[in-house]
Amino acid sequence: MTKWLKPIASLRFTVVLLSLSMVLVLAGTLAQVNHGVWTVVDDYFRSPLVYIKFQLFFPSTIQKIPGGILFPGGLTLGLLLMINLLAAHLVRFRFTWKRAGSLITHFGVIVLIIGEFVTGVAAKEGKMAIFEGGSSNFTEDNRSVELAIIDPSPTDHDRVTVIPGSKLAGARGALTDPRLPFGIRVEQWMPNSQILGPMQATPDQLARATDGLGTQMAATPAPQATGVDNKNDLPAAYVTLLDDSGPVGTYLATVWFTQPQTVTVGGKQYYLQLRFTRSYKPYTIHLIDFKHDKFVGTEMARNYSSLVRLEDPSRNVDRQVLIYMNHPLRYAGETFYQASFMEGDTGTVLQVVRNPGWMLPYVSCTLVTVGMLMHFGLRLTTFVRRQNR
Amino acid sequence: MRIRLLVPIAAVVLALLYLVPQLAPRPTDSQFDLEAFGRIPVSAEGRIKPLDTVARNTLMRFGGKQTIRDDGRKIPAIEWLADLLSHRTSPANPSTTVAASLPIFRIDHPDLLDLLGVTPEQKKNRFSFDELFAHRDAITRQAGLAFQVDAKKRGPYQRRIVGLYDTLSRYIALSRYDTPYAVPPLTANEQWRPLGEMLMDGSAGSDEAAASLTAIFNAYAAQNSGEFNDAVADYLRLVRADLPGATRKAGYETLFNRMTPFYHASALYVYAFLLSSFAFMLTSLSKPDWARALGRGAIAVLVLAFFIHTIGIISRIYLQGRPPVTNLYSSAVFIGWICVMLGFVIEKLFRLGIGTIAAAAIGFVTLVIAHNLSSGGDTMEMMQAVLDSNFWLSTHVVCITIGYSATFLAGFLGITYILLGVLTPVLKPDRAKALARMIYGVICFAALMSFVGTVLGGIWADQSWGRFWGWDPKENGAALIVIWLLIILHARWGEMVRERGVAVLAVAGNIVTSWSWFGTNMLGVGLHSYGFTDSAVFWMLTFATSQLAIMALGMLPIALWRSTGVRAINQRSPTPRVATTSA
């Protein structure tokens with residue numbers, strides 16, 4: 001057993017893995033010049049394998065460097081480092097006070113890797129946008145969209161059916177579902193789009209939609225956002241609604257339109273909207289006041305803050321909270337951060353994060369600090385004692 | 001025996017002979033109390049600062065200097081600002097003002113010079129406002145074209161023409177009193193206001209402060225020194241009564257500007273470096289008494305330099321009300337300071353003179369870097385809202401910066417090991433062993449501070465936007481340093497590298513650290529990036545190349561090293577010992 005473990009537990013293996021990690025982190029940084037940070041995180045740091053193009057390591061002025069290399073991704077390297085670490089301690093485990101610091105440090109590192117893994121798997125992020133005086137009970141994930149078909153006919157509620165954007169993107173033929181009142185055919189899917197106003201769009205572009213807002217405005221595909229732009233994609237789709245007798249009409253659905261459009265199928269009215277994927281909450285947040293202070297004589301933000309009222313009948317909660325920079329609200333396993341604001345300071349945008357692993361980095365940091373201080377402190381005192389002798 | 005005391009005393013006396021006259025207030029032949037004028041507090045770029053700072057920063061921005069040379073006369077920044085704000089007519093040419101005819105703008109780009117009708121043979125790179133304004137149509141047209149290109153995609157010429165346009169606008173805004181916001185709030189619920197706006201809407205006459213400011217400018221324009229001095233004194237009394245704190249700080253900042261502590265500290269670091277290098281040479285020439293005496297002299301001068309450096313840092317902390325590191329400029333100042341402190345610790349432990357050399361050299365270089373980073377204007381600018389947290393600035397940022405410092409120090413010691421070993425015979429085995437120990441110890445410290453600093457940064461990010469680790473370039477840069485240090489430590493523990501291997505790897509640490517410190521900003525990605533200039537890219541590449549060259553030197557076959565004593569330790573033993581984690 002030990003014989004078999006030895007190469008896996010060797011320091012040489014550690015050094016190799018750490019060196020590979022350096023290359024990966026560097027490549028993952030350089031890749032952000034042309035790709036969105038989330039694409040990079042998924043491709044480089046949370047994947048088992050990644051193809052790294054050599055072009056990455058050259059400035060954009062030197063184009064067309066051919067080739068690349070298949071490289072272990074963050075998932076593989078993290079896992080291997082963990083195995084290496086555990087094996088090393090299994091093979092050489094011998095508790096002495098001299099080694100206690102090293103043990104604690106390495107345990108802290110394991111906690112850190114687990115923390116990043118838990119975050120990668122379980123963390124959920126969303127944004128909650130609320131106008132002053134308004135309220136909201138859902139968050140939107142601006143990295144994915146859904147097509148919502150709303151049937152307002154029931155008197156006490158709306159019947160909402162949603163189709164995830166991923167389904168629209170890969171759709172071949174018509175999408176049908178017993179829950180849907182009609183079939184949907186995706187004519188064109190745009191992961192990121194540009195919107196053209198009535199004066200900008202050509203008649204051909206406006207003719208792509210037969211009904212709704214798409215007859216006045218058109219969408220064209222845009223390159224997907226990169227880490228440099230610090231923006232997110234704004235998808236759009238041309239969809240044709242089909243009833244039993246065939247096409248009813250082609251509509252432009254896009255997140256550029258903040259209000260649903262009315263569509264009539266079989267004499268009945270529905271609302272149609274492409275929106276960022278929503279998740280509904282058992283609580284409601286009312287925005288009482290949003291403040292955006294600037295430094296005198298500049299456009300530079302000094303502070304943003306949102307005074308909100310948190311109302312959760314299921315937990316008998318109804319209280320006021322002030323959320324501002326570096327002072328989030330933690331509630332019901334979720335954390336609310338002051339993230340952004342609406343144009344003209346008319347409302348706030350809160351980042352809402354559920355991360356079951358959020359405590360782990362704190363634990364890790366404490367362990368590693370204590371461990372390293374013990375380890376290096378012990379060495380230093382031994383050394384100084386020897387030096388003074 | 002006597003030289004033990006005499007040499008250090010002589011060294012310090014020499015340093016003081018340089019220092020004291022520099023710090024004493026300079027006598028001026030001017031009858032105008034411009035020093036007092038410079039203490040007038042105004043609000044600019046979001047903070048309250050004295051006019052003296054506005055004058056210096058503006059000139060730095062325009063021409064990279066804080067004084068103007070005109071016909072052999074040195075004009076201080078504040079005098080130029082007084083000329084500008086008073087619109088004093090030029091005695092030589094009544095159709096223009098003094099300020100507009102002074103050569104304060106520096107332009108180097110050949111295409112821009114071409115635009116201004118200057119040929120390279122004329123060797124002219126300094127221009128007055130009048131000279132530039134004569135070309136306003138061409139400049140406006142070119143800048144207009146460049147403005148249509150996305151800021152990130154502009155070429156060097158476009159960036160410079162936009163820069164020139166901004167510079168001229170800034171000058172005009174100053175001369176029209178649009179900036180700074182000069183009129184203070186004398187009652188509660190008031191804000192700082194620009195004087196220009198109040199002159200336009202006619203409210204300047206009825207406002208005590210605005211009227212008083214106008215009186216100062218008028219007196220200066222008429223060159224009436226008595227009236228000017230009285231008006232300035234009256235004005236300072238007025239603002240002191242209502243804004244005592246701001247006035248006191250502005251006064252202190254003026255003093256701080258005049259003292260230029262970082263400049264003097266860097267001069268003393270050069271002196272300490274020469275002394276300590278000389279001492280080190282003498283040790284090698286077996287003149288122990290003189291070497292020790294000079295070494296003590298070097299330490300004494302270093303202490304003096306460090307003291308002045310410290311005063312500078314404390315002054316900035318007081319003026320800003322912030323922890324020491326708030327931007328790139330202050331990080332350079334702080335890295336130098338920490339390296340000097342670590343140099344003292346090393347010197348105390350090893351007493352070889354190497355700690356002093358390293359401290360003095362890094363102290364000097366970082367202050368020069370800081371000086372070059374200050375040309376962007378105010379080095380005490382306000383913080384973005386998300387960074388507005390003294391707790392995290394003083395924990396995460398300070399830890400990370402200490403980590404940078406220690407990694408650079410280890411790199412410097414690595415360079416010392418390689419250069420002494422390859423080029424000279426003086427790297428004796430015991431000295432080599434001590435140097436290797438220093439490198440190792442500093443790397444351990446660097447690993448601790450970098451790791452803790454990086455994780456604290458993650459925790460800050462978790463506090464402010466709910467993401468512990470976002471794989472942002474600056475975060476990755478910090479992670480690279482940590483991983484690199486861990487590689488060195490584990491390679492050493494596993495006996496994959498010996499003394500010189502650690503030295504070579506430590507030098508590579510310099511490249512990794514400079515990448516994290518500067519390189520990631522050049523990518524223009526991520527929440528952490530500050531603005532950046534082209535020349536920084538050039539200097540970083542030069543630095544990286546030089547470090548690679550030193551590493552190559554260090555990897556020469558050990559038989560070629562001139563220090564023969566270190567061969568044995570760095571050669572592979574025929575039967576490698578079994579690797580263990582306990583080193």
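As an exercise, identify the GluC sites (Glu not before Pro) in segment A:286-389 lying in DSSP coil whose Cβ has no more than 16 other Cβ atoms within 10 Å.
Answer by residue number: A:299.
I need to check one value: relative contact order of segment B:392-570, counting alpha carbon pairs closer than 8 Å and at least 6 residues apart, in percent.
RCO, segment B:392-570: 33 percent.
Count the net charge of all other residues whose Cβ sits under 12 Å from the Cβ of residue B:466, scoring Lys and Arg as +1 and Asp and Glu as -1.
So the surrounding residues net to +2.
Using label points projected 7 Å from each Cα along Cα→Cβ, tell me how many nm separate residue B:287 and residue A:388, to one decimal.
It is 3.5 nm.
For each of B:51, A:30, count neighbouring Cβ atoms within 10 Å of the residue's Cβ, then give the residues from fewest to most.
A:30, B:51
Please tell me the relative contact order of chain B in percent, rounded to the nearest whole number, where contacts are Cα pairs under 8 Å and at least six residues apart.
12 percent
Which of these, A:331, A:238, A:304, has the largest mean-square fluctuation under a Gaussian network model of chain A (Cα springs below 10 Å)?
Highest fluctuation of the listed residues: A:331.
Averaged over A:353-361, how many beta carbons belonging to a partner chain fall within 10 Å of each residue's beta carbon?
Other-chain Cβ atoms within 10 Å of each residue's Cβ, averaged: 3.
Name the residue from A:10, A:27, A:47 whose Cα lies farthest towards the positive end of the charge dipole of chain A, charges +1 on Cβ of Lys and Arg and -1 on Cβ of Asp and Glu.
Positive-end residue among those listed: A:10.
If amide H atoms are built 1.01 Å from N in the plane of the peptide, which residues on other chains or at least 5 residues away come under 5 Å of the amide H of residue A:302?
Correct list: A:293, A:294, A:295.
Could you please report the charge total around residue B:199, scoring K, R as +1 and D, E as -1 over all other residues with beta-carbon less than 12 angstrom from its beta-carbon?
-2
Mind telling me which of A:350, A:252, A:103 comes out most flexible in a GNM of chain A, alpha-carbon contacts under 10 Å?
Looking only at A:350, A:252, A:103, the largest GNM fluctuation is found for A:103.
Cross-link list A:127/A:167; B:65/B:249; B:49/B:123; B:287/B:433: which exceed 26 angstrom alpha carbon to alpha carbon?
Cα-Cα > 26 Å for B:49/B:123; rest within.
Hey, what number do you get for chain B at 222 nm if only DSSP H runs of n ≥ 4 count, each worth -39500 (n - 2.57), divided across all residues, to the nearest 500?
-21500 deg cm²/dmol
For the residues B:396, B:109, A:157, what sequence is obtained by ranking on other C-beta atoms within 10 Å, fewest first?
In order of increasing Cβ crowding within 10 Å: A:157, B:109, B:396.
Could you please state, rounded to a whole Å, how far the C-alpha centre of segment B:27-76 is from the C-alpha centre of segment A:272-300?
44 Å
With 10 angstrom as the radius, rank A:150, B:400, B:308 by how many other C-beta atoms surround their C-beta, starting from the fewest.
Starting with the residue having the fewest Cβ neighbours, the order is A:150, B:308, B:400.
What percent do you get for the relative contact order of segment B:79-191 when only Cα pairs under 8 Å and 6+ apart count?
20 percent
We did not get these values from a lab; they are worked out from the coordinates using the rules stated. Values in this document were obtained by computation on a predicted structure and should not be read as measured data. Reconstructed Cβ throughout: ideal geometry from the backbone, glycine too, with neighbour counts over all protein chains shown.
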